[in-house]
Every structure is written in structure tokens, then in C-alpha cells.
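Asks: Okay, here's the structure, questions in a sec.
The values are calculated or read from the model by the stated rules, or taken from the named source; none is laboratory data. These numbers were taken from a predicted model, which means no experiment stands behind them. Neighbour counts are summed over all protein chains in view; Cβ atoms, including those assigned to glycine, are modelled from backbone coordinates with ideal geometry. The area values use the complete protein model at the heavy-atom level, side chains included, leaving out ligands, DNA and RNA. Shrake-Rupley method; radii C 1.70, N 1.55, O 1.52, S 1.80 Å.
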Amino acid sequence: MGGDRFDFRQFSIRQERCAMKVGTDATLLGAWARVPASCDGKPKILDIGTGTGILALMMAQRFPAAKVTAIDIDPGAAAQAADNASASPFAARIAVACTPVQQFCGEAFAAIVCNPPYFSSSLECPDPKRTQSRHAATLTYAELASHAYRLLQPGGEFSVIIPADQMAQMDAARAIAGFFETRRCAVCTKAGKPPKRLMLAYTKAPQQNMESEVLTLGDEKHKLMAAEFYL
């Protein structure tokens, strides 16, 4: 996925001012993350590190009664996300702020989503904005889990997508924060291959049963998830 524009069924994404373009990770999480049924009425959703705003827009499309707040530390990305939201049918329900989650204060959210930085130990790339977007130096898993816990309402759900080989770090971070895993989706690029990504959902209280599933890119489950978004 590249270029300056990406068109979905109900909205379009401009991305020339964003270091990180629309990618498979974000679209997977946007189709998989949920607002728990117990959080009825007009739920509030928070997208941490929104980038282009793709996650915020997907959640706004899927949950028509929800108010979505999207935050990013990069001014260019925040401005681009705001423009993308303003041009969408969901403009009245999406607010964008340029702020780090560590400094963000707001009402408790029914759902929090994040496609977090993940190159925690790799060499930094020459583009500082791309480095900021992709490296965990500005937002570690421990910080992410801690602030998501602070901002999540009781009964709410916090959802992330991470590289499969970083499960141990994320699991330690969520445990320290006080989260319990409630759902997991292993994402494989080909059937029979080890997963490359994990989508994980957490709650503040232990759940009786943890849901676990496997998704292979391009399979029927993936196509069904993506059908309401892709042209």
C-alpha cells in the first residue's frame, strides 16, 4: 500500500505528510478491534498514534454511535489525520489532537486501539519522522499499556497489533499494567506458516474464556473482515 492517496469504500486517506503510510497492520486491527457490547449508548474510542487516521476512520465507520479521539505526537501526521477525518462522512464524530499519550488527559474510553512502534532494537532510519513512527523509543510497550490502562473505562477493551516475536515484551507490559488478555488473533502470511503478527485485546478484569483464532492473509476470514472497507 503506497502512494499519496488510498481509497476505501466510505472514505479516502491522503498520506503525503505521514512518515508511515497505510499498511496491512492498521487495516487488520481496524477490522478486528471492537467496542464491548456492555459499553452501550455512545461509546468513546481512542486511537493512539493515529498516523494517517486510518484506525480512527475504520472504527468510526464500524461503530456509528461512537465518538473517536485520535492522537499523534507528529504535527504533520496529526494535521493529515484531521484533514482525512474532515473529508470523511464521520467528520462530526472524530477529533484529532497532536499530543503524546503520556500527556493526554480525557474521559475514560470504551475502546482503545493502537498500532504501536515496534522496531525496538533495530537501527534507526535516516528520516526522523519515520524513525519516530516505527521505533519504540518514544512509546514503549510498558508506557503504552500503563497509559491505556489509565484511560480505559471499566468493561472497556484495549486492542493492539504487534510482531509475533515481541509477544513476551507485550505480555510482560500488560501484566505489569494490570491488564488481562481476552482475545488473540494470530496473523499468518501463508497457511501453515508461523504467524508474523498478533492482534491482542485486553480488559481490566479477568474473563472466563479467552478467544483465540488464526487468520491467513487472503483467506475467506480475511476477505470477510475487509469486505466493508476495500473497494
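Asks: To check you understand DSSP bridge types, tell me what percent of the beta bridges within the chain (both residues inside) are antiparallel, rounded to 5.
Replies: So the antiparallel bridges amount to about 40 percent of the total.
Asks: I've got another one for you. Using a Gaussian network model on the chain with a 10 Å cutoff between Cα atoms, which of Ser159, Ser38, Ser88 fluctuates the most?
Replies: Of the options given, Ser38 has the highest mean-square fluctuation.
Asks: Classify the chain as rounded, prolate or oblate from the Cα gyration tensor: take a ≥ b ≥ c as the square roots of its eigenvalues, call it rounded if a/c is under 1.5, otherwise prolate when a/b beats b/c and oblate if not. Walk me through the numbers before you get to the answer.
Replies: Working: a/c = 1.14, a/b = 1.10, b/c = 1.03.
Since a/c stays below 1.5, the shape of the chain is classed as rounded.
Asks: For the chain, what is the accessible area per residue in Å² when the probe is 1.4 Å? Working shown, then result.
Replies: Details: 10640 Å² over 231 residues.
Per residue, the chain has 46 Å² of solvent-accessible surface.
Asks: Carbon-plus-sulfur fraction of the accessible area of segment 5-68, 1.4 Å probe, in percent?
Replies: C and S atoms contribute 48 percent here.
Asks: Would you calculate a helix-derived [θ] at 222 nm for the chain, using -39,500 (n - 2.57) for each DSSP H run of n ≥ 4 and dividing by the full residue count, to the nearest 500? Each step should come with its number before you reach the end.
Replies: Values: 7 runs with 66 residues, N = 231.
The per-residue figure over the chain is -8000 deg cm²/dmol.
Asks: Considering the options Leu57, Ile161, Ala19, tell which one lies farthest towards the positive end of the dipole of the chain, charges being +1 on Lys and Arg and -1 on Asp and Glu at the Cβ, about the Cα centre.
Replies: Leu57
Asks: Going by a ≥ b ≥ c, the root eigenvalues of the Cα gyration tensor, does segment 7-121 fall in the rounded group (a/c under 1.5), the prolate group (a/b larger than b/c) or the oblate group? Write down the numbers at each step before the final one.
Replies: Working: a/c = 1.40, a/b = 1.20, b/c = 1.16.
Taking the square roots of the gyration eigenvalues as a ≥ b ≥ c, segment 7-121 is rounded.
Asks: A further question follows. Under the rule a/c < 1.5 gives rounded, and otherwise a/b versus b/c splits prolate from oblate, where does segment 63-120 land using the Cα gyration tensor? Please report the intermediate quantities before stating the final value.
Replies: On the way: a/c = 1.71, a/b = 1.25, b/c = 1.37.
Oblate is the answer for segment 63-120, as a/c is 1.5 or above yet b/c matches or exceeds a/b.
Asks: Pick out, in residue order, every one of the trypsin sites (Lys or Arg not before Pro) in segment 1-110 that is DSSP loop and has at most 12 other C-beta atoms within 10 Å; say none if there are none.
Replies: Numbers: sites: Arg5, Arg9, Arg14, Arg17, Lys21, Arg34, Lys44, Arg62, Lys67, Arg93; in loops: Arg9, Arg17, Lys21, Arg34.
Sparse-neighbourhood loop trypsin sites (Lys or Arg not before Pro): Arg9.
Asks: Which pairs, out of Lys44/Lys193; Lys21/Lys193; Lys44/Lys221, put more than 29 Å between their alpha-carbon atoms?
Replies: Numbers: Lys44/Lys193 37 Å; Lys21/Lys193 26 Å; Lys44/Lys221 27 Å.
Listed pairs above 29 Å: Lys44/Lys193.
Asks: Which order do peptides 181-187, 150-156 fall in by mean Cβ count within 10 Å, highest first? Mind showing how you got there, number by number?
Replies: Values: 181-187: 19.4, 150-156: 17.4.
The most tightly packed comes first, giving 181-187, 150-156.
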